[in-house]
Amino acid sequence: MENPYEETQPARWERMPSWLLSQTAHHAARLVADGFASAGARGYHYRLLATLEDSGPASQATLGRRSGIHVSDMVATVNELAERGLVERAPDPDDRRRNIVTLTAAGKRQLRRLEKPLAESQEALLAPLSAEERRRFTELLSRLLDHHNGRTGTPEAPQH
């Protein structure tokens, strides 16, 4: 006898782009968080270390803008990384009321270590796609995000 509650076709909303994106984002966040956790880190750690390596020393407020880390999370993130010797915080010589955060040699090594679980999580997330599909998918996601963030142009897709 057929189960009347068993669905053979997905519900209408299960094929909506917004639903698919939110569900995929949930899986992506879990994969990345699990990968970083296996290395004793969090996503904010990677983002801050990578921002410092890419842009150089900066105030916490500037780092927040560059990394997309909210100011309320930035202080805790800098504190965690400073306690581990991955960043240094020193008074800004131009304005002693604010601190300048600098990446240490240990921070650079940690950033290299975090790139492995990040690459593995990207691989797991995009496993069913070919290299060309991955490139195109990333390009399309970038375009969508740029549009909704009010940016124009299509920046080069990230390599992770």
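The values are calculated or read from the model by the stated rules, or taken from the named source; none is laboratory data. Just so it is clear, the structure is predicted and the values come from calculations on it, not from any experiment. Note that each Cβ is placed from the backbone with ideal geometry, even for glycine, and that neighbours are counted across all protein chains shown.
Look at segment 39-59: where a residue is in contact (Cβ under 8 Å) with a residue 60 or more places away in the chain and a partner is among the aromatic types (Phe, Trp, Tyr), sitting 6+ places away or on another chain with Cβ atoms under 9 Å, you get His45/Phe36; Tyr46/Phe36. The single condition among (1) farther than 22 Å from His45 by Cβ; (2) outside any helix (DSSP H, G or I); (3) at pLDDT below 95; (4) not small (Gly, Ala, Ser) that Leu145 does not meet is (2). Cβ-Cβ contacts under 7 Å between residues 6 or more apart (or on different chains), taken from a first residue in segment 108-124 that is closer than 14 Å to Ala33 by Cα to a second residue that is of a type in the set (Phe, Trp, Tyr) and at pLDDT 95 or above, are listed as Leu114/Phe36; Leu114/Tyr46; Pro117/Phe36; Leu118/Tyr46. When segment 17-49 is filtered for residues that are basic (Lys, Arg) and farther than 22 Å from Ser72 by Cα, only Arg30 remains.
A quick yes/no check of all residues on (1) hydrophobic (A, V, I, L, M, F, W, C); (2) farther than 29 Å from Glu120 by Cβ; (3) out of contact with any Ser or Thr (no Cβ under 7 Å at 6 or more places or on another chain):
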{"position": "Ala11", "(1), (2), (3)": "yes, yes, yes"}
{"position": "Thr24", "(1), (2), (3)": "no, no, yes"}
{"position": "Ala58", "(1), (2), (3)": "yes, yes, yes"}
{"position": "Thr62", "(1), (2), (3)": "no, yes, yes"}
{"position": "Glu80", "(1), (2), (3)": "no, no, yes"}
{"position": "Arg84", "(1), (2), (3)": "no, no, yes"}
{"position": "Glu88", "(1), (2), (3)": "no, yes, no"}
{"position": "Pro93", "(1), (2), (3)": "no, yes, yes"}
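Looking at His27, is it closer than 14 Å to Leu118 by Cα and more than 12 Å from the chain's Cα centre (by Cα)? It is true that His27 is closer than 14 Å to Leu118 by Cα and more than 12 Å from the chain's Cα centre (by Cα). Taking the criterion of being within 20 Å of Asp54 (Cβ to Cβ), in contact (Cβ under 8 Å) with a residue 12 or more places away in the chain, surrounded by fewer than 14 Cβ atoms within 10 Å (Cβ to Cβ) and over 16 Å from the mean Cα position of the chain (by Cα), would at least one residue in segment 135-153 satisfy it? Within segment 135-153, not a single residue is within 20 Å of Asp54 (Cβ to Cβ), in contact (Cβ under 8 Å) with a residue 12 or more places away in the chain, surrounded by fewer than 14 Cβ atoms within 10 Å (Cβ to Cβ) and over 16 Å from the mean Cα position of the chain (by Cα). May I ask you to verify whether Ala124 is part of a helix (DSSP H, G or I), in contact with a helix residue (DSSP H, G or I) (Cβ under 9 Å, 6 or more places away or on another chain) and surrounded by fewer than 14 Cβ atoms within 10 Å (Cβ to Cβ)? No, not satisfied.
Within segment 87-107, restricting attention to residues that are polar (S, T, N, Q) and in contact (Cβ under 8 Å) with a residue 40 or more places away in the chain, the residue that is nearest to Leu48 (Cα to Cα) is Thr102.
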